[in-house]
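Shown next, in structure tokens, is the structure this report addresses.
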Amino acid sequence: MTVEALDHINIVTADLDRAEGFYRDLLALDSRPAPPPLTHETARWMYDNNGRAVLHLNGLDAPRLMDRDMAPGPTGALHHVAFRCVGRDAVVARLVALGMDYRCNEVPAANLRQLFVTDPEGVVLELNFFGA
């Protein structure tokens, strides 16, 4: 077996509308219906510009094969989720316009500039801009 790429992230939220708006407004992800048995009331899938469902947002009532106790806030062993991005200046402008707190970091050895922001459920997002 060979891992080719990260397929998607799944975040469980008590407020699908808020989470959907956060990822749509910040990362310009496109929200589309999740496949059955999921419904608009139980899940939203967020797609990137290449048509990949990179983020699955599930409500508390969404059916799950592998269930576990989940609570907003610290996300257990998961520290952050990183997205490779382009258009850093546009993202910074969105963060400012939306009044969101964020942190910047630079890794010159990797020609990398990073933005860190926390989603409504307490998940830290690392937005990576290579060559920016």
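Tabulate in residue order the Karplus-calculated ³J(HN,Hα) for segment 99-104, using 6.51 cos²θ - 1.76 cosθ + 1.60 with θ = phi - 60°, rounded to whole Hz; enter x for Gly and Pro.
Here the 3J(HN,Hα) series is x, 8, 6, 8, 10, 10 Hz.
Note down the relative contact order for the chain as a percent, whole number, built from C-alpha pairs under 8 angstrom at least six residues apart.
Working: 211 pairs, mean separation 29.4, N = 132.
Relative contact order, the chain: 22 percent.
Per residue, how much accessible surface does the chain expose to a 1.4 Å probe? Answer in Å², no decimals. Can you show the working numbers first?
Working: 8430 Å² over 132 residues.
Per-residue accessible area for the chain comes out at 64 Å².
What nm value, rounded to one decimal, do you get for the distance between Ala110 and Leu98 when each label is placed 7 Å out toward the C-beta?
2.2
Quick check: pseudo-label points 7 Å beyond the Cα along Cα→Cβ at Asn10 and Arg24, how many nm apart are they?
It is 2.3 nm.
Dipole size in debye (nearest 20) for the chain around its Cα centre, Lys and Arg Cβ +1, Asp and Glu Cβ -1? If you can, show how the numbers build up before the last one.
Working: 12 positive and 18 negative charges, 65 e Å.
For the chain, the charge dipole is close to 320 debye.
Could you derive backbone 3J(HN,Hα) for segment 25-31 from the dihedral phi with the Karplus parameters 6.51, -1.76 and 1.60 (θ = phi - 60°), listing whole Hz in sequence and x where the residue is Gly or Pro?
Values, residue by residue: 6, 7, 9, 6, 7, 9, 8 Hz.
Taking the Cα centre of the chain as the origin and placing charges on Cβ (Lys, Arg +1; Asp, Glu -1), which of Pro37, Leu115, Gly131 is farthest toward the positive end of the dipole?
Highest projection toward the positive end goes to Gly131.
What number, rounded to the nearest 500 deg cm²/dmol, is the helix-based mean residue ellipticity at 222 nm of the chain, given -39500 (n - 2.57) per DSSP H run of at least four residues and division by all its residues?
Working: 2 runs with 22 residues, N = 132.
Calculated from helices alone, the mean residue ellipticity at 222 nm is -5000 deg cm²/dmol.
Non-local amide H neighbours of Ala82 (under 5 Å, H modeled in plane, Pro and chain starts lacking H): which ones?
Those qualifying (amide H under 5 Å, at least 5 residues apart or on another chain) are Glu126.
I'd like the Karplus ³J(HN,Hα) series for segment 81-97: coefficients 6.51, -1.76, 1.60, θ = phi - 60°, whole numbers in Hz, and an x wherever there's a Gly or Pro.
Once rounded to whole Hz, the list reads 10, 10, 10, 7, 10, 10, x, 4, 4, 5, 5, 4, 4, 5, 4, 5, 4.
The values are calculated or read from the model by the stated rules, or taken from the named source; none is laboratory data. Since we're looking at a predicted model, the values are computed, not measured. Please note: Cβ atoms are built from the backbone with ideal geometry, for glycine as well, and neighbour counts cover all protein chains shown. Side chains included, ligands, DNA and RNA excluded: accessible areas come from the protein's heavy atoms. Shrake-Rupley method; radii C 1.70, N 1.55, O 1.52, S 1.80 Å.
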